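Here is the structure we will look at, set down as structure tokens.
The values are calculated or read from the model by the stated rules, or taken from the named source; none is laboratory data. Here the structure is a predicted model, which means the values were calculated and not measured. Please note: Cβ atoms are built from the backbone with ideal geometry, for glycine as well, and neighbour counts cover all protein chains shown. We work out accessible area using only protein heavy atoms, side chains counted, and drop any ligands, DNA or RNA first. Shrake-Rupley method; radii C 1.70, N 1.55, O 1.52, S 1.80 Å.
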Amino acid sequence: MKKSNLTGVLVLLVFTVFMVSVLLVLLSGADTVQQLTQRDKRTYHHRTAVQYITTRIRQADETGAVTTNADTLILTETLGGTAYETRIYCCNGYLRELFCESGSAIAPEFGEEILPMERFQITRENNLIRAELFLPDGSNATLTLLLRSEEGGSA
């Protein structure tokens, strides 16, 4: 009788050790998955922001069509004889895009939210565009592009 009780306790002890081991492995795996998910999200926002600005500038790269001020990228185009501009800027925690007639006084809050972003700075020196993107996670990205359509650029 004592042998059977000892065997039962031993089996229960081995089973408990096994279950604790499984639980520890699952908890460490869940933490790893959470860290990977957060890293992927940061990387996604970083890559997407850089690629978005690059693509918009490349699409509008015509002589005189790309201008900047301290915090706004302005892409100008003419449709049906009317001049329009696409303004890309940061407002209320988002990179935004606003398409309107040139010179329109539209409030920045009306722009379409593109990506979360704390701040956006852009400058132009001759045919070089430099943009600095400050993302919500505290990281930043710097981008330098050559306008191919401007004098000195290559096609």
Within region 119-138, the count of residues that are open to solvent by 50 Å² or more (accessible area, probe 1.4 Å), under 10 Å from L73 (Cα atoms) and touching a residue at least 60 places away in the same chain (Cβ under 8 Å) comes to 0
Do we find a residue being part of a loop (DSSP other than H, G, I, E, B) and either loosely packed, with under 10 Cβ neighbours inside 10 Å or touching an Asp or Glu at 6+ places or on another chain (Cβ under 9 Å) (or both) anywhere in region 43-60?
yes
In contact (Cβ under 8 Å) with a residue 12 or more places away in the chain, touching a Pro at 6+ places or on another chain (Cβ under 9 Å) and within 18 Å of I129 (Cα to Cα): does that describe L95?
yes
Looking at I114 and the list (1) at pLDDT below 90; (2) touching a helix residue (DSSP H, G or I) at 6+ places or on another chain (Cβ under 9 Å), which single condition is not satisfied?
(1)
Identify the residue in region 139-155 that is modelled with pLDDT of 85 or more, outside any strand (DSSP E or B) and not aliphatic (A, V, I, L, M) and, among all such residues, is least open to solvent (accessible area, probe 1.4 Å).
S139
Given the structure, is G93 modelled with pLDDT of 90 or more and at positive phi?
yes
Here the qualifying pairs (Cβ atoms under 8 Å; residues six or more apart or on different chains; first in region 24-49 and under 22 Å from F120 (Cα atoms); second among the hydroxyl-bearing types (S, T, Y) and open to solvent by less than 90 Å² (accessible area, probe 1.4 Å)) come out as R42/S139; H46/S139
What tally of residues in region 64-116 results from selecting those that are open to solvent by less than 60 Å² (accessible area, probe 1.4 Å), in a loop (DSSP other than H, G, I, E, B), of a type in the set (A, V, I, L, M, F, W, C) and over 19 Å from L146 (Cα atoms)?
1
Among the residues of region 33-47, is there at least one that is closer than 17 Å to L128 by Cα and out of contact with any helix residue (DSSP H, G or I) (no Cβ under 9 Å at 6 or more places or on another chain)?
no
